[in-house]
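This report concerns only the one structure given below.
The values are calculated or read from the model by the stated rules, or taken from the named source; none is laboratory data. A quick note: this is a predicted structure, and the numbers were derived from the prediction, not measured. Quick reminder, even Gly has a Cβ in these numbers, built from the backbone with ideal geometry, and neighbours come from all protein chains shown. These area figures cover heavy atoms from the full protein model, side chains too; ligands, DNA and RNA do not enter into them. Shrake-Rupley method; radii C 1.70, N 1.55, O 1.52, S 1.80 Å.
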Amino acid sequence: MIQARVVKSDKRVFDCRLDDGKIISATALGNLLKEDTVVVGDYVELEEQSQGHIIKSVHPRKSEIFRMLRRESKKKITAANCDLLIVLSSCSRPAYKRGIIDRFLVRAHQWGITPIVVFNKVDEYDPSEFDLKFEAERLKFLGVECFEICALDADYKPKYLSAGFHDLKNRLHKMTSIFLGQSGVGKSQTITALSAGKVELKTGAVGKVGKGS
């Protein structure tokens, strides 16, 4: 048996990463395709057969990303085994919304994942819009770590909080993280910066309301 981790799925075909970093394609048996048995993030056991690699079994999960299907009264699992939930917020456009942050923190609790809040675009921060230090203290009281960054400038030094971009990068080292946030807050730019350009995601222009296109 070969141990691997699912990094991409496309119907019955899954890209699996081996311990040495090599990516191989594998298919799943019919019984493993029922009820979200195989999702991105799963650790699996592969077997090489004449027709290619087959996923034979899935290891128990330590966490699950899911949404509830109300009509069917069940949950739809979309990913598994994430360590951190990175909630990204903008300090300029789109405007900071506390309710969205709190909603994601509730999701993190439901999913059993440690949340982290990242304030991006702090170089454009206007203190008259909201109190960044107060929001960070409020989240700290809830046990949530906060970071202050400018995704377009990796050398930006934090002015309001104690932790910045390089602290965030160290915190995420060897962790599996999922990024959430409003459209336009800079999720793609942040991921690109954290990967030092190794992962470059497409971004859209920010519209009049401050959201990405």
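Scanning region 147-162 for residues that are over 13 Å from Thr192 (Cα atoms) and open to solvent by 20 Å² or more (accessible area, probe 1.4 Å) yields Asp155, Tyr156, Lys157, Pro158, Lys159, Tyr160, Leu161, Ser162. Applying a threshold of 6 Å to beta carbon distances and a minimum spacing of six or more residues, or different chains, the list of pairs starting in region 172-193 at a residue that is in contact (Cβ under 8 Å) with a residue 12 or more places away in the chain and more than 14 Å from Arg107 (Cβ to Cβ) and ending at one that is open to solvent by 30 Å² or more (accessible area, probe 1.4 Å) and of a type in the set (Phe, Trp, Tyr) reads Lys187/Phe179. Within the option set Leu161, Leu105, being modelled with pLDDT of 95 or more and within 30 Å of Asp10 (Cα to Cα) holds for one residue only, Leu105. Would you tally the residues in region 82-93 being in contact with an Asp or Glu (Cβ under 7 Å, 6 or more places away or on another chain) and open to solvent by less than 10 Å² (accessible area, probe 1.4 Å)? Qualifying residue count for the region: 1. Residues in region 36-74 that are hydroxyl-bearing (Ser, Thr, Tyr), outside any strand (DSSP E or B) and under 24 Å from Ile178 (Cβ atoms): Thr37, Ser63.
Criterion first (out of contact with any Pro (no Cβ under 8 Å at 6 or more places or on another chain) and not in a loop (DSSP other than H, G, I, E, B)) does Asp123 satisfy it? Criteria met by Asp123.
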